[in-house]
Each structure stands twice: as structure tokens, then as C-alpha cells.
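> Take this structure, written in C-alpha cells, and hold onto it; I'll ask about it next.
The values are calculated or read from the model by the stated rules, or taken from the named source; none is laboratory data. Since the structure is predicted, the reported quantities are computational estimates derived from the model, not experimental observations. Cβ coordinates were reconstructed from backbone atoms using ideal geometry, including for glycine residues, and neighbour counts include every protein chain displayed.
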Number of protein chains: 2
Amino acid sequence: MIRNAEMEVNVVAQLEPVAVAGNPAAETKLGRKRDHTRDPEILAAALAVLAETGFDGMTIDMVATRAKAGKATLYRRWPSKNELVIDAVACMKQGDLDPDRLPDTGTLRGDLVAMIKPRSIEDAEKKMQIMAGLMSMLSATPEMADAANNAIVKPRAAANRFLMQRAVDRGEISPTCDIDTLCLVTPSMAAYRTLIERKPVDRDFLITLIDGVLLPALGLRGDTDPARRGKVAPPAS
Amino acid sequence: MIRNAEMEVNVVAQLEPVAVAGNPAAETKLGRKRDHTRDPEILAAALAVLAETGFDGMTIDMVATRAKAGKATLYRRWPSKNELVIDAVACMKQGDLDPDRLPDTGTLRGDLVAMIKPRSIEDAEKKMQIMAGLMSMLSATPEMADAANNAIVKPRAAANRFLMQRAVDRGEISPTCDIDTLCLVTPSMAAYRTLIERKPVDRDFLITLIDGVLLPALGLRGDTDPARRGKVAPPAS
DNA sequence: TCTATACGATACTGTGGAGTTCCGGATCTT
DNA sequence: AAGATCCGGAACTCCACAGTATCGTATAGA
């Protein structure tokens, strides 16, 4: 499900022999080279299994089977299940939220509404499933918590912060607003709705958040007219 | 750590012989009776282990040891680990959030601030740990999801809703406010902060939420914001 | 007192998964 | 071509834990 074939892979343990001075055997590697183009496929398989079964329900065999790889291959590249999962989560950054590609409609509400796309919702939902599968080990493995936070929540919060900051810069909202807190409202409440309430994070819910929480808290009047709800402002440019 | 010794215990499988008409053996039970006063201790031990290790890391032996009970005793009362945990979660309702005992200071801000007590924070933190430990199985076991939602989040949201509704009733805030959404802001963001960000949910954070998110969204001016920004429509009469 | 049962403690069984090892075949370097 | 290393696949070891069985002891009712 990961489309970005050139996804950057930061394998935690590279497992390559250290080039020790005076050790000629370490300088040139003979034999077949490791096919690193398969790393992303394996990590994607790990993410898929993780989302479906959670960390504890996931087995290395499941990942290997789904990636059409051998279990030994996985252990040649990652020293343990833990490190494989940490790597998989860390490598799932997705470019949907680059500041360059964010909407720019001229109003904060237009920008926020324009970010609601079926693709974006679906993507967020899958990330939430992964987060749920990781939850139990976050307290025991801080590296996992950091990886999850950096890959799943921070990018979305950063996008919201960017849009809000731009609204501040053009004078739409007051610079005294607590943007750092408010940009976390949507991710937090979407997570709660998905993981605990088990209700869908659909367009209506997100519009409710924007008009009932975010904009009022920023000193703007939410659009309370149901007839106008969901209308996206015409693209700027 | 559960002080309420009279905690109600809804054992899922009571395991008592059904009094079948015509079966004399089922009517009178001989021998030593089961000591049901120990049920709460066992469930409390299960909750403690659950919070510390998560569901998958928790073993029946850990619970038995902490409860100073034998493993067989646990299996005499609950048919499986799953049912024990469901029962433990369902029985953890705590009376700190009765509508009768909620603060009544005359203003919504006063009420919300008055709910910030060290005891309350500590209690919420432990519940969050339990929730994290359950996360991975919520999707697989709906009964668990319901038990967790009912015992952990719903009571707090209900308390917030009660305070906000009272503010509506006395005309402090507009009845058009989306109270059902706003009463979930604090629990959601506290959960995010605890479980993913791994920062403490302290008094400062909660005050920030109240003054930077909740009150502005309800059309009230937060305490820390000196500038009077966009005004929300006055209460409809 | 006698009997049936609960109790804590401990040993035991069965299963499932992490991690390892080996195999035949493929692919790279020299 | 030859040797080294990778590959997928499968068998293997090791261990932790759910659940069961059995012990001697304690306590309830008859």
C-alpha cells in the first residue's frame, strides 16, 4: 500500500562489516550483494500486518509470507522483531503533507476544509490502526514512541500549524492564539474517535471539529449554516 | 490501589450451578464456600498489572502473585484471562465523577479549574495506562472496547458535559455550542499527551486547554488572553 | 466429627512464536 | 569457471505462558 517506491530506508542495524584498518577481508565483499530494493516491500508488509493484528499478534512469519520473503532474509537485515517494527514505523513518512502542497485558499477555514480528502482520511485511518497496535509497547520502548510520534502525528500537526501560522501572518487570526496546542486538537480527537469510540472519522466529523472547536477557539465564527457546510473555497492562484 | 472496598463486582461467569428444577444436588452446596470478598482484590491486582505491562505482557501468575492468591483460584472464578480482564475493566468505575459531587463555583471556568486535583490527575493517568495496554485488542474484542470506553472515558466526558450544560442553563454560554464534541476535547488531548507525547498531564497543561481551547470555543474569553478578539454570538433567548 | 469444597502452592502439559540453522538454487566478483 | 554470498523455504531449538492437575491445608455445613 506504500506507493512511494523510493521511500527512504533507515535500517537501524546496517549489519555491514566495519572497515577495520589492516583487515583486508572487510574492504571488498565477495559474492551476491544484498538486494536492498526489497527493504521497502518488507517494511510495507510489516506495516500492513501491524495494522491488522497489532504488535503482539504479528509474527515474523506473517511478515515474511506477505513480503514473499524468507524469515532468514528478515533476520539478515534486522536483528529483532522490535527493530524491524521501529524501522517500519520510522520509514512510513508520506509526502502528502509537504508545506508546498498544502492548500492555499485565502481563508483558514477554506484551507482546513480543503485538507479533508477521501485519500487523506483513508491514510489517517490506517495510521491509526498502526498506532493502536503499537500502543501497548510505547511505554516500554521509548524509541518506538518517538518513531510513532514523528511518523504519524507530528506531520499532521505540523501541517495544521503551518496553515494557522499563515492565517496569523495575514492577520486573519490573533497572534496570541495558542497555535501549538490547537494544531493538536484534530489529530488527538480523531485518534480518540477511531481507537476508543470506534466511530468513523468522516467528513462530517472533521467539519464539526473545524466549525465547532478550532475556528471559535481561534476567534473566528464557525460556519453554522448547514447548507454551506462542506463547500470548498475556490482554489487560490 | 483501589480504595473502594465495596466495589461492585459483576463477574461475567458466575459459575454457580444452575438451580435446575428436579435436581436436588444443585440446591444445596456443601463444603467450604467461595470467599467472594477476595474478588475485588484480584481484580485490582489485574488492573495494576495491566497498567504496568499491558494485556499481552500480563500473565495470570503475575496477577495471582500480586493478589496473594493461587492461579487455580483465579481459574475457578473466571474461565479465561480474557474474561478476567474484561471484568476487571468493567468493575473499575469510580465515584469521583458523580454529578452530585462535581464542583459548583458559579462560573464554567471555575468549575473546570476546580476539577483539576492531584488525585484526579493521578487517577486519570493510571486509567490511561490501562487503556494503552488494552488498545491492541480493542479491535478484536468489542466487549473489551465497550468496557474500556464505559469505565474510563465516558464518565469524564459526562462530567464535562454536565458542567457545560449547567453553564448553558444559566445563560453563561450559548445553547448552540457543540457540547457533545467539546466535552471530549480534554480527555482526547490528555490521552494523546500521555500515550504518544509522553509528557505529563499537569495543571499547566489542563489550564492551557481550558483557556486556550475550551472557553474560546464556547464563546467565553480565556483568562490568559488579554485581547478581545472576534465575538461569538450572544446566547439566543 | 465427618464430608465436601475452597484455598495457596507447585508441578505439569500443550501450544505458539522468536530466533537459528541448513538446504538447493541464484547472482555477484574475480 | 570458481568461490563467496545472497535468496526463499523449511525444519529446528528454546522458552514463555495459558490452562490443568494434584498436593496438603483450611473452613463451611450436616
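> Taking the stretch B:155-202, which residues are farther than 13 Å from residue B:108 by Cα, touching a residue at least 12 places away in the same chain (Cβ under 8 Å) and among the acidic types (Asp, Glu)?
The answer is B:180, B:202.
> Could you please let me know if residue B:22 is more than 28 Å from the chain's Cα centre (by Cα) and modelled with pLDDT of 95 or more? Steps first, answer last, please.
Working: more than 28 Å from the chain's Cα centre (by Cα): yes; modelled with pLDDT of 95 or more: no.
No.
> Now for a separate question. Given the options A:134, A:112, name the one that is hydrophobic (A, V, I, L, M, F, W, C), in contact (Cβ under 8 Å) with a residue 24 or more places away in the chain, crowded, with 18+ Cβ neighbours inside 10 Å and touching a Phe, Trp or Tyr at 6+ places or on another chain (Cβ under 8 Å).
On the way: A:112 fails: touching a Phe, Trp or Tyr at 6+ places or on another chain (Cβ under 8 Å).
Within the list A:134, A:112, the selection yields A:134.
> When residues of the stretch B:139-154 are filtered for being farther than 16 Å from residue B:87 by Cβ and either at pLDDT below 90 or within 7 Å of chain A (Cβ to nearest Cβ) (or both), how many remain?
Step one: list which residues in the stretch B:139-154 are farther than 16 Å from residue B:87 by Cβ, which gives B:139-140, B:153-154.
Filter once more, so that each one left must be either at pLDDT below 90 or within 7 Å of chain A (Cβ to nearest Cβ) (or both): B:139-140, B:153.
So the count comes out to 3.
> Let me ask something else. With B:194, B:208 as the choices, which residue is in the same structural domain as residue B:164 (by TED's automatic domain parsing), modelled with pLDDT of 90 or more and under 24 Å from residue A:136 (Cβ atoms)?
Numbers: B:208 fails: under 24 Å from residue A:136 (Cβ atoms).
On inspection, the qualifying residue turns out to be B:194.
> Hey, any hits in the stretch B:41-56 for a residue that's surrounded by fewer than 21 Cβ atoms within 10 Å (Cβ to Cβ), outside the structural domain of residue B:141 (by TED's automatic domain parsing), among the polar types (S, T, N, Q) and in contact (Cβ under 8 Å) with a residue 40 or more places away in the chain?
Yes; the residues of the stretch B:41-56 include at least one that is surrounded by fewer than 21 Cβ atoms within 10 Å (Cβ to Cβ), outside the structural domain of residue B:141 (by TED's automatic domain parsing), among the polar types (S, T, N, Q) and in contact (Cβ under 8 Å) with a residue 40 or more places away in the chain.
> Based on this model, can you work out whether residue B:120 counts as closer than 24 Å to residue A:197 by Cβ and either within 16 Å of DNA strand C (Cβ to nearest atom) or touching a Ser or Thr at 6+ places or on another chain (Cβ under 8 Å) (or both)?
no
> In addition: Please go through the stretch A:190-218 and give me each residue that is part of a helix (DSSP H, G or I) and among the β-branched types (Val, Ile, Thr), ordered by number.
A:194, A:196, A:207, A:208, A:210, A:213 - these are the residues of the stretch A:190-218 that are part of a helix (DSSP H, G or I) and among the β-branched types (Val, Ile, Thr).
> On the given criteria, is residue A:90 in contact with a helix residue (DSSP H, G or I) (Cβ under 8 Å, 6 or more places away or on another chain), crowded, with 18+ Cβ neighbours inside 10 Å and more than 14 Å from every other protein chain (Cβ to nearest Cβ)? Give the derivation first.
Values: in contact with a helix residue (DSSP H, G or I) (Cβ under 8 Å, 6 or more places away or on another chain): yes; crowded, with 18+ Cβ neighbours inside 10 Å: yes; more than 14 Å from every other protein chain (Cβ to nearest Cβ): yes.
Yes, satisfied.
> Same structure, new question: Pairs under 6 Å by beta carbon, first residue basic (Lys, Arg) in the stretch B:64-85, partner more than 9 Å from DNA strand D (Cβ to nearest atom), six or more apart or different chains?
Cβ pairs passing all conditions: B:66/B:45; B:71/B:64.
> Name every residue in the stretch A:28-66 that is in a loop (DSSP other than H, G, I, E, B) and more than 7 Å from DNA strand D (Cβ to nearest atom), in order of residue number.
Quick first cut of the stretch A:28-66, residues in a loop (DSSP other than H, G, I, E, B) only: A:28-35, A:58-59.
Once the filter is applied, which keeps residues that are in a loop (DSSP other than H, G, I, E, B) and more than 7 Å from DNA strand D (Cβ to nearest atom), the stretch A:28-66 yields A:28, A:58, A:59.
> Out of the helices (runs of 4 or more DSSP H) lying entirely within the stretch B:72-161, which hold 3 or more residues that are farther than 28 Å from residue A:128 by Cβ?
Values: elements: B:81-90, B:108-114, B:118-138, B:142-148.
Ranges flagged: B:108-114.
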